[in-house]
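Reading through the structure tokens given below for one structure.
Derivation of every value follows stated rules applied to the coordinates shown; laboratory data play no part. For clarity, every value in this text was computed on a predicted model and none was experimentally measured. Every residue, glycine as well, gets a Cβ built from its backbone with ideal geometry; the counts of neighbours run over all protein chains shown.
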Amino acid sequence: MTHRTLTVGLGERSYLIHIGRGLLDQAELLAPHLGSRRAAVVTNEVVAPLYAQAVERALEACGTRHFRVVIPDGEAEKRWETLDRVHGELLRAQADRKTVIVALGGGVVGDLAGFAAATYQRGVAFIQVPTTLLAQVDSSVGGKTGINHALGKNMVGAFHQPLAVIADTATLDTLPERELSAGLAEVIKYGAIDDIAFFAWLEENIERLRARDPGALAHAIGRSCEIKARIVALDEREAGVRALLNLGHTFGHAIETLEGYGAWLHGEAVAAGMVMAARFSERLGRAPAGDALRLERLLVRAGLPVEPPAIAPDAWLDAMGRDKKNEAGRITLILLDRLGSAVVEKGAPQGEIEAFVAGR
């Protein structure tokens with residue numbers, strides 16, 4: 001079966017991203033990473049009945065012994081207790097350091113299973129098999145793994161690159177509409193930070209994407225992964241340019257934390273956060289007038305919220321003050337010079353931020 005393959009170039013940690021329909025049971029994509037190893041398929045209670053058997057058939061075709069670990073669904077499960085549950089299942093199955101974890105699911109499964117792989121017996125290998133649009137274009141690529149803390153999103157984790165990413169776009173057929181829109185937020189982000197031509201393509205094709213047109217989805221996923229793979233190859237551990245991938249995330253993570261994990265989907269919070277970042281960019285005189293409105297209109301057409309919930313200014317500043325990008329107690333934001341070109345703003349003016357979140 002034909003599919004598209006991209007490379008994340010990280011020297012000895014380089015790996016392939018496979019994108020196409022019908023890839024879940026393609027044993028040849030898994031075989032190079034297995035050998036005589038056992039596999040632990042970590043998934044959730046929603047994805048398991050849909051897709052676990054297809055992956056397990058591929059493992060069996062490789063001659064790989066395997067077992068399944070199923071966790072509850074939802075962002076609220078991205079926590080210590082669920083991580084401990086996965087570690088416990090690995091120990092009960094006597095998984096050793098040669099065991100490969102196969103993360104089958106959306107961003108929560110990928111992040112949590114990846115962190116389990118990074119920490120179990122000081123690190124085992126894993127493969128990402130993302131089943132949501134957001135995971136296929138963003139969270140499965142780049143090696144960020146982790147869990148949430150009550151005081152902050154993704155505050156506990158590790159960089160741990162997968163052996164491969166296998167993105168079967170057929171899994172998007174069963175994705176709820178709200179989840180599809182949440183994934184489109186991250187797709188739109190790539191155009192906003194790096195590729196105005198891609199952004200314009202999205203403006204022309206957003207209805208095709210929402211209708212799950214296979215050709216449009218394949219192009220959007222492929223271009224998103226190209227942009228992310230290039231940026232990750234330049235800055236694996238987010239010491240510089242990789243921070244650009246966080247457009248809207250400082251505001252968005254604050255929304256997720258303050259509203260309670262799962263009340264807003266990650267992509268929904270990022271959508272509102274991107275509009276806030278674009279408006280703030282215009283407020284500072286950095287981005288040209290009209291860019292924020294253009295971004296807002298595309299996000300609305302994608303079925304996404306563009307206004308944040310009612311949050312007190314002190315709560316905004318407290319949550320944003322714990323963001324991982326901050327340095328020396330000063331808030332770092334990703335802003336726009338213009339659509340298609342983002343910049344890391346270290347130490348954004350505190351007074352301006354306070355006035356902005358207060359609506360002044």
Original post:
What share of the DSSP beta bridges in the chain is antiparallel, in percent to the nearest 5?
Top reply: 40
Original post:
In debye to the nearest 20, how big a dipole does the range 177-357 give about its Cα centre with +1 on each Lys and Arg Cβ and -1 on each Asp and Glu Cβ?
Top reply: 280
**OP:** With a Förster radius of 56 Å, plug the Cβ-Cβ distance of TRP201 and ALA315 into 1/(1 + (r/R0)^6) and report the FRET value to the nearest 0.05.
**Re:** 0.90
Original post:
Considering the alpha-carbon set of the chain alone, what are its Rg and its Dmax in angstrom?
Top reply: 19.7, 63
Subject >> Approximate spin-label separation ALA61-LYS324, in nm, with each point projected 7 Å along Cα-to-Cβ >> reply: 3.5
Subject >> Stokes-Einstein D in µm²/s, Kirkwood radius over Cα pairs - the range 177-357 at 37 °C with 0.692 mPa s viscosity >> reply: 201
Original post:
Placing +1 at every Lys and Arg Cβ and -1 at every Asp and Glu Cβ, with all other atoms neutral, what dipole size does the chain have around its Cα centre, in debye to the nearest 20?
Top reply: 760
Original post:
For HIS219, HIS249, what ranking results if the residue with the fewest other Cβ atoms within 10 Å of its Cβ goes first?
Top reply: HIS219, HIS249
Original post:
Once you put a point 7 Å from the Cα of SER341 and another 7 Å from the Cα of TRP80, both along the Cβ direction, what distance in nm separates them?
Top reply: 4.6
Original post:
Along the charge dipole of the range 76-126, Cβ charges K/R +1 and D/E -1, which of VAL86, VAL102, GLN121 sits furthest on the positive end?
Top reply: GLN121
**OP:** Just order 173-182, 156-165, 138-147 by mean Cβ neighbour count inside 10 Å, highest at the front, would you?
**Re:** 138-147, 156-165, 173-182
Subject >> the range 175-282 - charge dipole about Cα centre, Lys and Arg +1 at Cβ, Asp and Glu -1, debye rounded to 20 >> reply: 120
Original post:
Where in the range 36-78 does the label zone of ALA170 land, with the point 7 angstrom along Cα→C-beta and an amide N cut-off under 18 Å?
Top reply: 47-62
Original post:
Which helices count as membrane-span-like in the chain under these terms: full DSSP H, at least 15 Å along the axis by C-alpha, Kyte-Doolittle mean of 0.0 or more?
Top reply: 107-119, 177-194, 196-210, 214-234, 266-283, 291-301
Subject >> Top positive-direction residue, dipole computed over the chain with Cβ charges, set CYS225, LEU175, ALA211 >> reply: CYS225
**OP:** Give me Rg over Rh for the range 1-68, both radii from the alpha carbons and Rh done the Kirkwood way, two decimal places.
**Re:** 0.99
Original post:
Radius of gyration and Dmax for the range 171-237's Cα atoms, expressed in Å?
Top reply: 12.3, 36
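Any idea what diffusion coefficient the range 113-152 gets from Stokes-Einstein, in µm²/s, Kirkwood Rh on alpha carbon pairs, 20 °C, 1.002 mPa s?
In µm²/s, the coefficient is 191.
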Original post:
Say the dipole of the chain comes from +1 at the beta carbon of Lys and Arg and -1 at that of Asp and Glu; which of THR250, HIS18, LEU151 then lies farthest toward its positive end?
Top reply: HIS18
Original post:
What are the aspartates and glutamates whose alpha-carbon lies under 20 Å from the alpha-carbon of LYS346, with same-chain residues fewer than 8 places away excluded?
Top reply: ASP194, ASP235, GLU236, GLU238, GLU282, ASP318, ASP323, GLU327, ASP337, GLU354
**OP:** Using a Gaussian network model of the chain whose springs link C-alpha atoms within less than 10 Å, name the residue from ALA310, ALA277, ALA342 with the highest mean-square fluctuation.
**Re:** ALA310
**OP:** Search the structure for amide H atoms under 5 Å from the amide H of ILE101, placed 1.01 Å from N in the peptide plane, and list their residues when 5 or more places away or on another chain.
**Re:** ALA40, ALA125, PHE126, ILE127
**OP:** Once you have all Cα-Cα distances for the range 4-174, histogram them in 10 Å bins from zero and send the whole-percent values.
**Re:** 11, 44, 38, 7, 0
